[in-house]
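Asker: Take a look at this one; I'll ask things after.
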Amino acid sequence: MAEALRVYALLAWTWTRAAAQYPVSMIMLTLTTVALTLLDLAAIALIFVHTDRLAGFSGTEVMFLYATSLVPFAMADIVLGTAERLGQHVREGSLDTMLVRPVSPLIQLATEDFTPRRLGKLLPGVVVLAVALERADVDWTPGRIVMIPLMLVSGTLIFGALWVITAAFQFVVVDGREATSSVTYGGAFLTQYPMHIFGRDFVRTLTFVLPLAFVNWQPALYVLDRPDPHGLPAAARFASPAVAAVLCVLAALAWRAGLRRYRSTGN
């Protein structure tokens, strides 16, 4: 693991140095990413122009959900986001080149075109989270204080695992990038809002099939001291680390299975 982290950092730094050769372009792209990321927050702000609460949640509470969705998503995107390009490499035959190098192909994919502009998604989330925590009407017990970093780490692992699983799916369905993006990017959008604005069956899917509810919804119910509108037991509020661990194992198995199945394009 230590060697994998060292190699990842080395490759990421190499790509970053390449991007830094064009500093104006890098800064402009980073600012553009920040602006595009804030569009979702602008949409939430527009909602609260016309109402004081959304599904019983105040503006500050929805900001908290937005930030605790965006920060884990941005962290996973920074570390593993380009893994979604796997299908392109399979089609072009360039994955074969990665396989003969003495570095994990997943690390090579994850660090491809690594650039500081990826931080453009993270910075707005951190700022909004700080504001939401300062304004939130929460009784800050030790358990709730600890839950904040715990949910951010667990959410990052959940999104990261989903990125690897959906990337591995492209070993089977090479042109599936758009479909798999609906899980990662679509999941990030869904978790920005109170889950019970969606239908009960859909929320069950996001809890028991595609466990996005454990990114921030279930732990947020504990932090905000709210009952689960769909009646899940209180223990579900603390299940995010276990869900993240299970998904990481599934992601590792899916990736290994995909590599074993891969037979090259013949190029």
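The values are calculated or read from the model by the stated rules, or taken from the named source; none is laboratory data. Please read these numbers as outputs of a predicted model, since none were measured by experiment. Methodologically, a virtual Cβ is constructed for each residue, glycine included, from the backbone with ideal geometry; neighbour enumeration extends over all protein chains shown. These accessible areas exclude ligands, DNA and RNA; they are computed on the full protein's heavy atoms, side chains included. Shrake-Rupley method; radii C 1.70, N 1.55, O 1.52, S 1.80 Å.
Asker: State all residues of the stretch 15-57 that are among the polar types (S, T, N, Q) and touching a residue at least 12 places away in the same chain (Cβ under 8 Å); if no residue qualifies, say none. Reasoning before the result, please.
Answerer: Let us first name the residues in the stretch 15-57 that are among the polar types (S, T, N, Q), namely 16, 21, 25, 30, 32-33, 37, 51.
Residues satisfying the conditions are T16, T30, T32, T33, T37.
Asker: Does D96 satisfy the criteria of being surrounded by fewer than 20 Cβ atoms within 10 Å (Cβ to Cβ), over 17 Å from the mean Cα position of the chain (by Cα), of a type outside the set (F, W, Y) and not in a helix (DSSP H, G or I)? Before the answer, list the steps.
Answerer: Numbers: surrounded by fewer than 20 Cβ atoms within 10 Å (Cβ to Cβ): yes; over 17 Å from the mean Cα position of the chain (by Cα): yes; of a type outside the set (F, W, Y): yes; not in a helix (DSSP H, G or I): no.
Against the criterion (surrounded by fewer than 20 Cβ atoms within 10 Å (Cβ to Cβ), over 17 Å from the mean Cα position of the chain (by Cα), of a type outside the set (F, W, Y) and not in a helix (DSSP H, G or I)), D96 does not qualify.
Asker: Moving on to the next point. Look at S154 and say whether it is in contact (Cβ under 8 Å) with a residue 24 or more places away in the chain, in contact with a Pro (Cβ under 9 Å, 6 or more places away or on another chain) and open to solvent by less than 30 Å² (accessible area, probe 1.4 Å).
Answerer: It is true that S154 is in contact (Cβ under 8 Å) with a residue 24 or more places away in the chain, in contact with a Pro (Cβ under 9 Å, 6 or more places away or on another chain) and open to solvent by less than 30 Å² (accessible area, probe 1.4 Å).
Asker: Hey, another quick one. Looking only at the stretch 118-135, count every residue that is under 16 Å from the mean Cα position of the chain (by Cα), open to solvent by less than 20 Å² (accessible area, probe 1.4 Å) and among the aliphatic types (A, V, I, L, M) and tell me the total. Please lay out each step first, then the result.
Answerer: Narrowing the stretch 118-135 to residues under 16 Å from the mean Cα position of the chain (by Cα): 118-126, 129.
Remaining after also requiring open to solvent by less than 20 Å² (accessible area, probe 1.4 Å): 120, 124-125, 129.
Next, from what is left, pick out any that are among the aliphatic types (A, V, I, L, M): 129.
Summing the residues that are under 16 Å from the mean Cα position of the chain (by Cα), open to solvent by less than 20 Å² (accessible area, probe 1.4 Å) and among the aliphatic types (A, V, I, L, M) in the stretch 118-135 gives 1.
Asker: Kindly indicate the residue of the stretch 36-58 that is aliphatic (A, V, I, L, M) and in contact with a Pro (Cβ under 9 Å, 6 or more places away or on another chain) and also most open to solvent (accessible area, probe 1.4 Å) among those meeting that condition. So that I can check it myself, show each step before the final result.
Answerer: Of all residues in the stretch 36-58, those aliphatic (A, V, I, L, M) come to 36, 38-39, 41-47, 49, 54-55.
If we keep only those that are in contact with a Pro (Cβ under 9 Å, 6 or more places away or on another chain) too, we end up with 38, 41, 54-55.
On the way: L38: 69, L41: 42, L54: 33, A55: 45 Å².
The selected residue is L38.
Asker: Shifting gears a bit: Would you say T115 is open to solvent by 30 Å² or more (accessible area, probe 1.4 Å) and farther than 28 Å from P211 by Cα?
Answerer: It is false that T115 is open to solvent by 30 Å² or more (accessible area, probe 1.4 Å) and farther than 28 Å from P211 by Cα.
Asker: Return yes or no: is M151 within 25 Å of L39 (Cα to Cα) and either at pLDDT 95 or above or touching a Leu at 6+ places or on another chain (Cβ under 7 Å) (or both)? I'd like the intermediate steps shown before the answer.
Answerer: Numbers: within 25 Å of L39 (Cα to Cα): yes; either at pLDDT 95 or above or touching a Leu at 6+ places or on another chain (Cβ under 7 Å) (or both): yes.
For M151, the condition - within 25 Å of L39 (Cα to Cα) and either at pLDDT 95 or above or touching a Leu at 6+ places or on another chain (Cβ under 7 Å) (or both) - is met.
Asker: May I pose another question? Condition first: within 18 Å of V100 (Cα to Cα) and open to solvent by less than 60 Å² (accessible area, probe 1.4 Å). Now tell me which residues in the stretch 237-256 satisfy that.
Answerer: Going through the stretch 237-256, the residues within 18 Å of V100 (Cα to Cα) turn out to be 255-256.
Correct list: W255 only.
Asker: So, of the residues in the stretch 59-93 that are of a type in the set (D, E, K, R) and surrounded by 17 or more Cβ atoms within 10 Å (Cβ to Cβ), which turns out to be nearest to R144 (Cα to Cα)? Before the answer, list the steps.
Answerer: Initial filter on the stretch 59-93 (of a type in the set (D, E, K, R)): 61, 77, 84-85, 91-92.
Checking which are surrounded by 17 or more Cβ atoms within 10 Å (Cβ to Cβ) leaves us with 61, 77, 84-85.
Numbers: E61: 15, D77: 26, E84: 34, R85: 38 Å.
This residue is E61.
Asker: Give the residue that is modelled with the lowest pLDDT, with candidates limited to residues of the stretch 167-211 that are charged (D, E, K, R) and farther than 19 Å from F73 by Cα. It would help to see each step written out before you state the result.
Answerer: Going through the stretch 167-211, the residues charged (D, E, K, R) turn out to be 175, 177-178, 200-201, 204.
Still in the running and farther than 19 Å from F73 by Cα: 175, 200-201, 204.
Values: D175: 74, R200: 85, D201: 89, R204: 89.
Step by step, filter the stretch 167-211, then rank; the result is D175.
Asker: Output the helices (runs of 4 or more DSSP H) that fall wholly within the stretch 164-264 and possess 3 or more residues being over 30 Å from Q108 (Cβ atoms) and free of Cβ contacts under 8 Å to residues at least 24 places away in the same chain, or say none.
Answerer: Numbers: elements: 177-190, 200-204, 217-223, 240-261.
So the answer is none; nothing clears 3.
Asker: Return a yes/no flag: does the stretch 109-127 have any residue that is under 29 Å from I197 (Cβ atoms), in a helix (DSSP H, G or I) and without any contact (Cβ under 8 Å) to a residue 40 or more places away in the chain. It would help to see each step written out before you state the result.
Answerer: As a first pass, look at the stretch 109-127 and keep what is under 29 Å from I197 (Cβ atoms): 120-127.
Pick out the ones that are also in a helix (DSSP H, G or I) and you get 120-127.
Remaining after also requiring without any contact (Cβ under 8 Å) to a residue 40 or more places away in the chain: 127.
Yes, some residue in the stretch 109-127 is under 29 Å from I197 (Cβ atoms), in a helix (DSSP H, G or I) and without any contact (Cβ under 8 Å) to a residue 40 or more places away in the chain.
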